[in-house]
1. Being exposed (fewer than 14 other Cβ atoms within 10 Å of the Cβ) and modelled with pLDDT of 75 or more is the filter here; which residues of region 59-92 pass it?
2. Scan region 13-40 for residues that are without any contact (Cβ under 8 Å) to a residue 40 or more places away in the chain and within 9 Å of the chain's Cα centre (by Cα) and jot them down.
3. Scan region 30-53 residue by residue and report those that are open to solvent by 40 Å² or more (accessible area, probe 1.4 Å) and more than 16 Å from residue 10 (Cα to Cα).
4. When residue 56 is evaluated against the numbered criteria (1) at pLDDT 75 or above; (2) in contact with a Gly (Cβ under 9 Å, 6 or more places away or on another chain), which criterion, by number, is the only one it fails?
5. Would you say residue 4 is open to solvent by 20 Å² or more (accessible area, probe 1.4 Å) and at pLDDT below 85?
Amino acid sequence: MGIIAWIIIGLLAGAIAKALMPGKDPGGIIITMLIGVAGGLLGGWLGKVIFGVDSIDGFFEISTWIAAIVGSLILLALYRVVTGNRHSHRHA
């Protein structure tokens, strides 16, 4: 897949991950896209390591989308843990 396809998948997978994990996030659309693209890569790698399958086959393959969404959920949870503490302590 090309870089444009990864950006589109990343944007959509990141948005789906945010919809599945409701709550306040300190990131905007760029962070969502980066989390989604990195999540797709993470999900594809985990699919290969854990299940021995090539889960990143093509743009319209369901395995690509599942891998991207699962990876995005993992990274979004980690992002919230890392940035949550920084944004909750505000000085008056």
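1. Once the filter is applied, which keeps residues that are exposed (fewer than 14 other Cβ atoms within 10 Å of the Cβ) and modelled with pLDDT of 75 or more, region 59-92 yields 62, 77, 78, 81, 82.
2. From region 13-40, those without any contact (Cβ under 8 Å) to a residue 40 or more places away in the chain are 15, 19, 22, 24, 28-30, 32-34, 36-40; that's our starting set.
Passing the criteria: 15, 32, 33, 34, 36, 37, 38, 39, 40.
3. 46, 48, 49, 50, 51, 52, 53
4. (1)
5. yes
The values are calculated or read from the model by the stated rules, or taken from the named source; none is laboratory data. Everything numeric in this text was worked out from a predicted model, so none of it was measured. Glycine gets a Cβ as well: all are built from the backbone with ideal geometry, and neighbour counts include every protein chain shown. Only protein heavy atoms, including side chains, enter the accessible area calculation; ligands, DNA and RNA are left aside. Shrake-Rupley method; radii C 1.70, N 1.55, O 1.52, S 1.80 Å.
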